[in-house]
1. Would you mind checking which residues have amide H under 5 Å from D:Val218's amide H? H placed 1.01 Å from N; only 5 or more apart, or other chain.
2. Taking beta carbons within 10 Å but only from partner chains, what does the mean come to for residues B:262-272?
3. At C:Pro229, label 7 Å along Cα→Cβ: distances to the other copies, nm, ascending?
4. Under the convention of a label 7 Å out along Cα→Cβ, give the distances in nm from C:Gly270 to the same position in every other copy, shortest first.
5. Calculate the mean, over all residues of peptide D:286-295, of how many other protein chain Cβ atoms lie within 10 angstrom of the residue's Cβ.
6. Taking the Cα centre of chain C as the origin and placing charges on Cβ (Lys, Arg +1; Asp, Glu -1), which of C:Gly178, C:Phe49, C:Val239 is farthest toward the positive end of the dipole?
7. Is there a simple number for the mean count of other chain Cβ atoms within 10 Å of the Cβ of residues in A:302-314, and what is it?
8. Count neighbours as other Cβ atoms within 10 Å of each site's Cβ, and list the trypsin sites (Lys or Arg not before Pro) in the stretch B:1-65 that are DSSP loop with at most 11 such neighbours.
There are 4 protein chains.
Amino acid sequence: MRALICHAPQDLRLEASALDTLGPQQLKVRVAFGGICGSDLHYFQHGGFGTVRLKEPMVLGHEVSGVVDSVGTAVTGFRIGQRIAISPSRPCNSCSFCLQGLPNHCINMRFYGSAMPFPHIQGAFREELVIDASQAHPIADRLSLSEAALAEPLSVGLHAISRAGSVFGKQVLVTGCGPIGALLIAGLRRAGAAHIVAADLADVPLACAQKMGADETVNLTQNPEGLAPFKANKGRFDVMFEASGSDKALRAGLELVAPRGVIVTIGLGGEATLPLNMLVAKEIDLRGTFRFHHEFAVAVEFLNQGLIDGKPVISHIVGFDKAHDAFKLASDKRQAMKVQIDFKQSADATA
Amino acid sequence: MRALICHAPQDLRLEASALDTLGPQQLKVRVAFGGICGSDLHYFQHGGFGTVRLKEPMVLGHEVSGVVDSVGTAVTGFRIGQRIAISPSRPCNSCSFCLQGLPNHCINMRFYGSAMPFPHIQGAFREELVIDASQAHPIADRLSLSEAALAEPLSVGLHAISRAGSVFGKQVLVTGCGPIGALLIAGLRRAGAAHIVAADLADVPLACAQKMGADETVNLTQNPEGLAPFKANKGRFDVMFEASGSDKALRAGLELVAPRGVIVTIGLGGEATLPLNMLVAKEIDLRGTFRFHHEFAVAVEFLNQGLIDGKPVISHIVGFDKAHDAFKLASDKRQAMKVQIDFKQSADATA
Amino acid sequence: MRALICHAPQDLRLEASALDTLGPQQLKVRVAFGGICGSDLHYFQHGGFGTVRLKEPMVLGHEVSGVVDSVGTAVTGFRIGQRIAISPSRPCNSCSFCLQGLPNHCINMRFYGSAMPFPHIQGAFREELVIDASQAHPIADRLSLSEAALAEPLSVGLHAISRAGSVFGKQVLVTGCGPIGALLIAGLRRAGAAHIVAADLADVPLACAQKMGADETVNLTQNPEGLAPFKANKGRFDVMFEASGSDKALRAGLELVAPRGVIVTIGLGGEATLPLNMLVAKEIDLRGTFRFHHEFAVAVEFLNQGLIDGKPVISHIVGFDKAHDAFKLASDKRQAMKVQIDFKQSADATA
Amino acid sequence: MRALICHAPQDLRLEASALDTLGPQQLKVRVAFGGICGSDLHYFQHGGFGTVRLKEPMVLGHEVSGVVDSVGTAVTGFRIGQRIAISPSRPCNSCSFCLQGLPNHCINMRFYGSAMPFPHIQGAFREELVIDASQAHPIADRLSLSEAALAEPLSVGLHAISRAGSVFGKQVLVTGCGPIGALLIAGLRRAGAAHIVAADLADVPLACAQKMGADETVNLTQNPEGLAPFKANKGRFDVMFEASGSDKALRAGLELVAPRGVIVTIGLGGEATLPLNMLVAKEIDLRGTFRFHHEFAVAVEFLNQGLIDGKPVISHIVGFDKAHDAFKLASDKRQAMKVQIDFKQSADATA
């Protein structure tokens, strides 16, 4: 069994890897598709992000779907051949944060493909995987395994929406329309936002944003003042989601959001310099959002029922043997939206 | 009738000023005491703050108490001689923000002593004042007119608390223990905070903070790492109030506040550079707070009932003729807490 | 100009009625369609509801659309011929409730066709109407005037949803699938409910509920224990909306809703006997919801964009001359969903 | 070692009882004081309440304090002789409710002295007790062990306050001023309620309510219309706490509470008949509250710091040998407030 292991920046290897023993409450899964996430890219490009650094080789990946191959002796409700989306979130369920209902802040979290703790938590870009049955979410016949691998980034968007309070009937701005921003927009439309404006620096993500439900799109490269009309009357937007990681966008947001408005910041950027007096005078609420937990089940339900269609976000599907190319492709944000690896084949395929 | 008029930085004059005609819904008031606020000091020292600048002479002051001198023909419930606290907040009650229940964001706000709009809104540091009856709040016999002039800065603290959601039973940090911070601490104790830690750079404000109800005080000049123990387990505080205007304090707060914690920022500082990735990863909520509205009545009720005792905050009382000295005194934050002007006398008096 | 006036129970007359003079901020409108609401029916059948009684003849109706016929001299943004949905809500914008942002509790509310105050507030079932420009909401070309007259009952549903907090990603039960319940279901689907179960005593409303977005329907006449499986594990539903006005439904709801769940009760029923100990032990939250305000604009936006399709709710359209028949038809809840009056024609038409 | 065991209504026996073995994470405690709660009284008087019935003999009691006698091998932070308040709440920390942060709804809860599950959960009215170290809360030197036994009913009040959202600066009504109501009033004062009105049918509880912080008291036996003035302007109270278990009080509350007001119902009464149309039209929010969890630590902290003084609530202290008399005394709500049993002595003592 092979896994995709990052040894250092630009040093990505397909290597043999042992499989965990199947426990009674577990499933053995053949991995089908895996989406490349921003954090995977950071490990590949820079060996980490912020203060997080690779200190040992680590299997990447946490956005995966698969097919059940063996069923643990104590598991009920699953059968061999079942198609599933796989949650990468494995909280301990016993620390103080878990017992407050905040598993995404679990002090012992074992989230796939993360170098935050040491030893690192090995990821899910591998041909086979042993998971806890609680990580497995059956998918509908209508849903492809490729779409199922969107459940994870969609969950990030759904959690960001819940962090905003309610967006129902509201005026919403999204800055940054990469895969997270685009899936977030689909979530916002589903959550009942009345009007969604999407802004980005490039056309490819904006075209996708429109397919995902944005009412208006603004290309800030071509039209740097494109959001200025929304500054009128102390700012038009009730809620803004900052998904570009740019502090310039955040800064602009303080003028675009109404008094008592909420800005949810998703991007794990670094330092940002902000005019705090505007945040104070308008009583704006700047909130972080981090991963998700129970939203994974909701994301699968929305995809299963067709209440959210993630297909426009998948721009490329690449065979496992060409994983290195997949990462290069995913690095070009003006061409690529979500790039997925197909673990079942070696040849390229474009969605 | 004389008023205290700021013409330019350091140029403060006691000058004759005409009085508005008394309308049927109004009261004429002899002003008793007026507290010097941070924004008054900014006009005096720098001619403004942020992008706000004095463009014409302006009467300063908005923290005042007084005694009713004449009663408008349509006013009920007030009598000559009545001692009152005076709210400086005069929203229009008809703009879209007023009709959303957000009068502190009123687009036509006429808050005393503010150079935000032009013509500027003239302030309340004057011997006599004509006010709307709705601005007048009778005070209890037990309360001095000097204490009554604390209702305004106390309201700022109470509003900040309401912006935090609830502090009942919570662990709270206050950074910056000037008059606003100290009155806020009294409000927090009254609002049921379980444990209050106060931090400042100087001893005078910390001694006051303790009298106002802080459980622990930390002098960050003497003990720069004094808050470090609170970083354990992802941060101990449920809520932090930043009242120093220092971005260093805010920055430190991101490490001291627990996941999903709230930081309320009160100080109208300028730019701040923040490690946004920490705000994101801990899902911290950074909220602005600005002025107050209905909290003024609550502040008077707390003072009237003795549920909050503001006396320790008043460090100096200076006669009207020496107003310039009062402003110099108020500028020294290591000596002075709240400096009040006594409009009824010229001689100095210390609280 | 004729209006539909209720003189007493069963005594409904088409009578000549004078038109208000057009003010500068007003529009004169030719009324197009008007939906018959439960409260209209109560006046027609019983002369009122609860303690509210007709004390003088009153024009019924508050769910209307129309076409602009004249434009007041100070009005901008409207033109003759413009098709509009008309909000029946006319708060005073100056009482204490309006200034708290709660116009639906306005102490001087002038809601069309209401016998709560005396003199009664005359309604909108009339050929022509003079309205404030702020009541007029332009509709999209794609929307028929008949659908536009659903904006009002849809607003009631949207407000009920906002009273529930958030329904995004949640398990929801709706009891009572008349026009309000059915439009509410469309609102819930749009607001991102993950799973919607609809219950009623009859098949016609349940068939409509399904078209509006319910995932499961339960006919409690045919299957009285149809909801019992949802009692497992202390109750499955996060939120329940009671739109039948039956206290039996509410009572059952206490067993079906999870601990800390929310029950929003919409129906203006009378007395209800409830097992309070269950509400206490499960910490259930029972909330009233009453009318709407800013939700009217959101309802029109959802209809204009096609984000909600109200057409399945309109079961009958009846000419103005046969208004009495329309009321009889609307009284039969097993046959009729929303019955609308077509003010522009006399002949019958079925949607 | 003896325990107080209820065999049937009125059949209360002091009997020998075995002690659990001390585990490594546990403490052995000599019980000091135990307060008689309403549910203890129900078992004593009626053998249960609602559908809950005694099906086997059960040790009563859950409001206890004590002194540490032995310390388990793995316990840190406790020593022999330490005086503690003891939380009766023992959730499983692993069911779905515990993992949502709702341990008071734990599906496997082992709350002392409860006949809800079978076998019943034995109570804490016994001379010695083995507890988990996590149940033990050290008390300050200033606090008596008798006062420490109030931590439990105070926790119930604090939890009820948190269910109300915030009471800071609000107008509050409390109906029913027995021990729970009186401790709740102290909590409300501490939580910053601006004005507290207390109503009851008898003078003894009202006198206590006043000592605990009520601003006004109303004896509804002597003055049945004493609350009527608060009905003006759609109702004056922002929040009401119903602690009498009377549906008449709840019914009256719907007229006394303002639109969008909150009524928290604490009493585990039975059926109540309510005018739901008023709840609907005023958009009132009726919320249950049940037990507590993390509030126990807060209650101990408030008592330890002297921020809440519970002494006025303790009306009688009775020696363990006369426990039967203590229950008779506690049954007379016009004489007795909190009756405590002193487990260390046999002679009577009155607080």
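Every number here is computed from the coordinates shown, using simple stated rules; none is lab data. Not measured: the values here are computed from a predicted model. No Cβ is skipped: glycine too gets one built from the backbone with ideal geometry, and neighbour counts run over all protein chains shown.
1. Result for D:Val218 returns D:Ala198, D:Ala199, D:Asp200.
2. The per-residue average across the peptide is 4.
3. Nearest to farthest, the other copies are at 5.1, 5.7, 5.9 nm.
4. Here C:Gly270 shows inter-copy label distances of 2.4, 7.0, 7.2 nm.
5. The shielding value for this peptide is 5.
6. The residue sitting farthest along the positive end of the dipole is C:Val239.
7. Mean partner-chain Cβ count within 10 Å for A:302-314: 1.
8. Counting only loop positions with at most 11 other Cβ atoms within 10 Å, none of the trypsin sites (Lys or Arg not before Pro) in the stretch B:1-65 qualifies.
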